[in-house]
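The values are calculated or read from the model by the stated rules, or taken from the named source; none is laboratory data. Small disclaimer: the values here were computed from a predicted structure and weren't measured. Every residue, glycine among them, receives a Cβ derived from its backbone with ideal geometry; neighbour counts consider all protein chains shown. In case anyone asks, the SASA skips ligands and DNA or RNA and just uses the protein heavy atoms, side chains included. Shrake-Rupley method; radii C 1.70, N 1.55, O 1.52, S 1.80 Å.
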Amino acid sequence: MTHDHDLELRPTAAQTEAALNPPAGRNGGDLVVETLAGLGATTVFGLPGQHALGMFDALRRSDLRYVGLRVENNAGFAADAYGRITGEAAPLLLSTGPGALTSLAALQEARAASAPVLAISSQVPTRGLGGGRHGYLHELPDQAASFRGVVKSVHTVRTQSQIPSAIAEAWKSALTAPHGPVWVEIPQDVLLAQTRLPVVTAVDASPDELPPRPELTAVAADLLSRAERPAIIAGGGVVRADASGKLRQLAERLQAPVVTTFGGKGAFPWTHPLSLQSWLEDRHTTDLLEDADVLLVVGSGLGELSSNYHTFEPRGRVIQIEADLGKLESNHPALGIHADARLALQALLETVSERADPAAPERVRALLAKVADRIAAQELTLEQDVLASVRRALPAGSPSLWDMTILAYWAWSAFDAKSPNTMHSAQGAGGLGYGFPAALGAAAADPTRPVLAVSGDGGALYSIAELATARQYDLNVTWLIVDDGGYGILREYMTDAFGQPTATELTRPDFVALAESFGVPGVRTTPTALADDLAKALAAPGPSVVVLPAVLRMFAPTHLGSD
């Protein structure tokens with residue numbers, strides 16, 4: 001008996017002929033790029049190195065677009081942003097040893113933020129695998145061990161026939177919720193050797209779905225339906241799962257106020273009557289969330305930043321929907337639902353009862369008024385005006401990528417992202433240097449919209465080399481550098497803790513002249529001219545730099561007991 005699927009597996013005459021007579025001149029690197037193309041990749045990021053040359057040679061025989069950065073960690077940040085913006089696994093091609101290890105900080109950020117990055121590195125020749133000390137260039141006793149605690153999965157290839165399946169398995173891992181970075185390593189000799197294997201044409205690596213268990217969503221729906229003061233915390237998992245619409249429907253049905261985490265910016269409309277916005281570093285917000293008799297946490301592990309530095313102590317029942325199993329109940333006892341946010345919210349929408357609570361919008365207004373009064377009492381007009389100028393200048397649908405800098409910390413709480421999946425920062429792992437290279441990745445993902453990068457002068461110096469990348473590929477990125485002469489937030493922390501700062505002051509270049517030396521237009525602006533200068537830069541095609549000399553201050557924290 002012949003089944004239909006047997007017929008599907010049977011090659012056509014043309015396929016058989018192509019398989020029996022593959023093109024000449026291919027090597028193991030061709031199997032890599034053919035597999036990536038077969039999986040649906042269109043753009044790859046990276047930096048060549050001696051052991052990886054087989055992959056890079058194969059790129060010229062493929063239709064893949066290559067965006068080459070100047071530092072491996074920056075290439076990782078670019079791939080991270082590309083993965084966040086597109087929801088696709090972003091290939092990152094690296095070389096052995098120093099090149100591979102230089103990407104670790106970027107991969108840590110991708111893991112913390114659930115960004116799908118497919119890192120493919122070369123390795124020493126096959127006979128050097130296994131920890132023997134052969135003295136190969138770039139040799140590590142166990143290169144994979146350096147990545148095992150950072151990425152979702154590690155895949156080591158030893159023969160050419162393993163390449164397509166290993167990359168497909170890694171691709172599936174990267175895109176199965178929770179998204180994240182994965183690691184594939186392929187020995188130099190495997191990449192360089194000529195191959196007679198057929199061209200890779202069709203690769204199936206569909207990610208696994210992660211539906212909620214129905215008995216758990218039934219309990220959750222009952223708790224939410226009967227709640228008197230429900231509230232919702234929406235994290236980055238809502239954005240990654242493209243579940244913002246379902247979140248809004250559920251919040252409106254329950255009349256539940258919603259606060260978004262810093263990683264969940266844009267998951268809920270900023271000006272919605274139920275929006276608590278993102279003021280998580282505020283005791284008034286913490287009090288309201290603690291007072292909820294049922295708190296629904298979607299796509300967040302309630303980590304340090306999302307819990308007002310672990311001062312949040314809920315008194316009601318907590319329902320936590322989280323795709324990362326390790327985060328379930330990791331900080332607070334809860335009804336833990338291990339599921340993709342979109343599927344879990346859909347299940348709740350199908351079973352939850354509608355609540356009437358005309359007082360809910362008033363509670364939201366009262367909370368936001370308390371927050372505004374607290375900030376207003378601190379005389380932070382400059383900071384608020386600068387952030388408002390950035391918002392006025394940036395088109396509503398344009399992505400913004402933020403480094404670890406004081407203006408970004410303000411933006412976490414006070415910036416209206418306008419729409420989901422447009423505001424991204426390095427708050428997952430908290431490393432410097434994210435903003436500009438990530439913005440290059442976002443611009444590669446969608447060249448039709450201008451992209452904004454925001455850095456301080458300290459973080460900017462991590463990424464100056466990528467001005468060459470921006471110019472080479474003519475990427476539509478405007479880089480706002482807030483120049484305060486040092487590591488501004490560390491200056492504040494040390495002054496508060498010790499009375500004076502140490503190691504925070506920096507000699508820095510003339511950023512405008514430096515940008516222009518790369519052929520990138522630059523302008524020095526002022527707080528009053530910022531909105532106009534930034535809007536002009538964003539409207540012009542190609543890269544640009546806007547430098548704002550300004551010393552900004554943070555609003556007072558509330559987790560230390562101040563009001």
**Study point:** Tally of residues being among the aliphatic types (A, V, I, L, M), at pLDDT 90 or above and open to solvent by 60 Å² or more (accessible area, probe 1.4 Å) across the range 129-145
**Key:** 0
Check your understanding: Being within 30 Å of Leu305 (Cα to Cα), acidic (Asp, Glu) and modelled with pLDDT of 95 or more, is that true of even one residue in the range 176-192?
Key -> no
Point to revise | Filter result for Pro207 (within 23 Å of Val151 (Cα to Cα), open to solvent by 10 Å² or more (accessible area, probe 1.4 Å) and in contact with a Ser or Thr (Cβ under 6 Å, 6 or more places away or on another chain)) | key: yes
Review point. Mind checking whether some residue in the range 455-468 is polar (S, T, N, Q), assigned to a loop (DSSP other than H, G, I, E, B) and within 14 Å of Ala75 (Cα to Cα)?
Key: yes
Study note, to complete from the structure: Counting only strands (runs of 3 or more DSSP E) wholly inside the range 128-237, the ones holding at least 3 residues that are more than 30 Å from Gly54 (Cα to Cα) are 230-234
Check your understanding: Could you say which residue among Ala170, Ala166, Ala145 is more than 30 Å from Trp412 (Cβ to Cβ), touching a His at 6+ places or on another chain (Cβ under 7 Å) and free of Cβ contacts under 8 Å to residues at least 24 places away in the same chain?
Key -> Ala166
Check your understanding: Any chance the range 553-563 includes a residue that's open to solvent by 60 Å² or more (accessible area, probe 1.4 Å), in contact with a helix residue (DSSP H, G or I) (Cβ under 7 Å, 6 or more places away or on another chain) and within 30 Å of Gly303 (Cα to Cα)?
Key -> yes
Review point. Within the bounds of the range 54-62, is there any residue that is of a type in the set (Ser, Thr, Tyr), modelled with pLDDT of 95 or more and in a helix (DSSP H, G or I)?
Key: no
Review point. Can you name every residue in the range 303-338 that is hydrophobic (A, V, I, L, M, F, W, C) and within 20 Å of Thr217 (Cα to Cα)?
Key: Val318, Ile319, Ile321, Ala323, Leu325, Leu328, Ala334, Leu335, Ile337
Point to revise | Every residue from the range 217-253 that is open to solvent by 30 Å² or more (accessible area, probe 1.4 Å) and either in contact with a Cys (Cβ under 6 Å, 6 or more places away or on another chain) or not small (Gly, Ala, Ser) (or both) | key: Val219, Asp222, Arg226, Glu228, Arg229, Arg240, Asp242, Lys246, Arg248, Gln249, Glu252, Arg253
Review point. Among the numbered criteria (1) surrounded by fewer than 24 Cβ atoms within 10 Å (Cβ to Cβ); (2) more than 16 Å from Val67 (Cβ to Cβ), which single criterion is violated by Arg471?
Key: (2)
Exercise for review: Only residues that are of a type in the set (Asp, Glu) and either assigned to a helix (DSSP H, G or I) or out of contact with any Gly (no Cβ under 9 Å at 6 or more places or on another chain) (or both): list them for the range 84-127, please.
Suggested key: Glu109
Check your understanding: Does Val390 satisfy being buried (at least 18 other Cβ atoms within 10 Å of the Cβ), out of contact with any Asp or Glu (no Cβ under 7 Å at 6 or more places or on another chain), part of a helix (DSSP H, G or I) and among the hydrophobic types (A, V, I, L, M, F, W, C)?
Key -> yes
Exercise for review: State whether one or more residues within the range 312-331 are in contact with a Lys or Arg (Cβ under 8 Å, 6 or more places away or on another chain), charged (D, E, K, R) and under 27 Å from Asp373 (Cβ atoms).
Suggested key: no
**Study point:** Check on Ala251, assigned to a helix (DSSP H, G or I) and either over 26 Å from Trp412 (Cα atoms) or in contact with a helix residue (DSSP H, G or I) (Cβ under 6 Å, 6 or more places away or on another chain) (or both)
**Key:** no
Exercise for review: Starting from the range 287-300, keep only residues that are farther than 15 Å from Pro333 by Cβ and open to solvent by less than 10 Å² (accessible area, probe 1.4 Å), then list their pairs with residues that are among the hydrophobic types (A, V, I, L, M, F, W, C) and at pLDDT below 95 whose Cβ atoms are within a distance under 7 Å, requiring at least 6 positions of separation or different chains.
Suggested key: Leu289/Phe312
Check your understanding: Taking Glu516, is it of a type outside the set (A, V, I, L, M, F, W, C), open to solvent by less than 10 Å² (accessible area, probe 1.4 Å), within 25 Å of Asp533 (Cα to Cα) and at pLDDT 95 or above?
Key -> no
Practice item. Search the range 525-541 for residues that are surrounded by fewer than 16 Cβ atoms within 10 Å (Cβ to Cβ) and pair each with any residue that is of a type outside the set (Gly, Ala, Ser) when their beta-carbon atoms are under 7 Å apart and the residues are at least 6 apart or on different chains. Key: Pro541/Asn476
Revision key, fill the gap. Among (1) closer than 24 Å to Ser389 by Cβ; (2) open to solvent by 30 Å² or more (accessible area, probe 1.4 Å); (3) part of a helix (DSSP H, G or I), Arg449 falls short only on (3)
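Answer yes if at least one residue in the range 403-411 is out of contact with any Cys (no Cβ under 9 Å at 6 or more places or on another chain), more than 24 Å from Thr285 (Cα to Cα), modelled with pLDDT of 95 or more and crowded, with 18+ Cβ neighbours inside 10 Å, and no otherwise.
yes
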Revision key, fill the gap. Note on Asp483: of the conditions (1) within 30 Å of Gly397 (Cβ to Cβ); (2) acidic (Asp, Glu); (3) surrounded by fewer than 18 Cβ atoms within 10 Å (Cβ to Cβ), unmet is (3)
